[in-house]
């Protein structure tokens, strides 16, 4: 049983892959607690296990063994249909490549997930507008992706992820395709979401300077946690 502050708890989480005649230990017995409202950066060299860890935490992959709970719910053994519904309604995702539909406006790209949840179009449009305002794009809801900059596209992707007010926002190297200035704009949005709205964020990144935005840095090496640093908030 976790306490009320704990959002995520994992224990002895392991993920093995078969590779040729051998086995790759992508995650090797990782244990960790993440509290509500933390902004976490997961870091490590290529092959350290950071993306594998994010995918398992985001219910996009399953561990080989180990325990994983979100708000005291054991999510490891959920039936696939329930896992899919939980992902859709409770978790938000931001990836490197925006994953926007080019034929849809920014607003439509955001509210499509609400429609999939069964919400009315009126409610979905209202929720999408609120999310776009929160990422600084309230006046660009009618623009299609080709009319937006790279940073604006990524902020639309963030708006789409937060529109349903997810328990946890997962971001997999969200600034990998952006220049420094544009990356700062996106990370500023994350910081506002975290500090103003209390959004729990788990982000994979390889850029050391990104850590100034977060409250905690988890470092992985060879599938194990080798560093866990809480940063003081300015």
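Based on what the data block shows, is residue 202 in contact (Cβ under 8 Å) with a residue 40 or more places away in the chain and surrounded by fewer than 20 Cβ atoms within 10 Å (Cβ to Cβ)?
Here the answer is no, as residue 202 does not meet what is asked.
Tell me which residues, restricted to region 33-48, are surrounded by 14 or more Cβ atoms within 10 Å (Cβ to Cβ) and either modelled with pLDDT under 95 or not in a strand (DSSP E or B) (or both). Working first, answer last.
Restricting attention to region 33-48, the residues satisfying the condition of being surrounded by 14 or more Cβ atoms within 10 Å (Cβ to Cβ) are 33-44, 47-48.
Matches in region 33-48: 36, 37, 38, 44, 47, 48.
Only a single criterion out of (1) at pLDDT 90 or above; (2) more than 15 Å from residue 168 (Cβ to Cβ); (3) in contact with a strand residue (DSSP E or B) (Cβ under 8 Å, 6 or more places away or on another chain); (4) not in a helix (DSSP H, G or I) is not satisfied by residue 23, namely (1). Checking 156, 186, 217 one by one, the residue that is part of a strand (DSSP E or B) and in contact with a helix residue (DSSP H, G or I) (Cβ under 6 Å, 6 or more places away or on another chain) is 217 and no other. Only one of the numbered conditions (1) part of a loop (DSSP other than H, G, I, E, B); (2) modelled with pLDDT of 90 or more; (3) within 19 Å of the chain's Cα centre (by Cα); (4) within 26 Å of residue 214 (Cα to Cα) is violated by residue 110, and that is (1).
If the condition is being part of a helix (DSSP H, G or I), more than 17 Å from the chain's Cα centre (by Cα) and surrounded by fewer than 20 Cβ atoms within 10 Å (Cβ to Cβ), then region 82-107 contributes only 82.
Put simply, of 157, 131 the only residue that is over 30 Å from residue 4 (Cβ atoms) and within 19 Å of the chain's Cα centre (by Cα) is 157.
Can you find a residue in region 61-69 that is surrounded by fewer than 18 Cβ atoms within 10 Å (Cβ to Cβ), closer than 24 Å to residue 174 by Cβ and touching a helix residue (DSSP H, G or I) at 6+ places or on another chain (Cβ under 9 Å)? Looking for residues that are surrounded by fewer than 18 Cβ atoms within 10 Å (Cβ to Cβ), closer than 24 Å to residue 174 by Cβ and touching a helix residue (DSSP H, G or I) at 6+ places or on another chain (Cβ under 9 Å), one finds at least one in region 61-69, hence yes.
Can you tell me how many residues in region 200-214 are touching a helix residue (DSSP H, G or I) at 6+ places or on another chain (Cβ under 7 Å) and either in a helix (DSSP H, G or I) or modelled with pLDDT under 95 (or both)? The number of residues fulfilling the criteria is 2.
The values are calculated or read from the model by the stated rules, or taken from the named source; none is laboratory data. Source: prediction; values computed, not measured. Because the Cβ atoms are built from the backbone with ideal geometry, glycine has one as well, and the counts that use them run over all protein chains shown.
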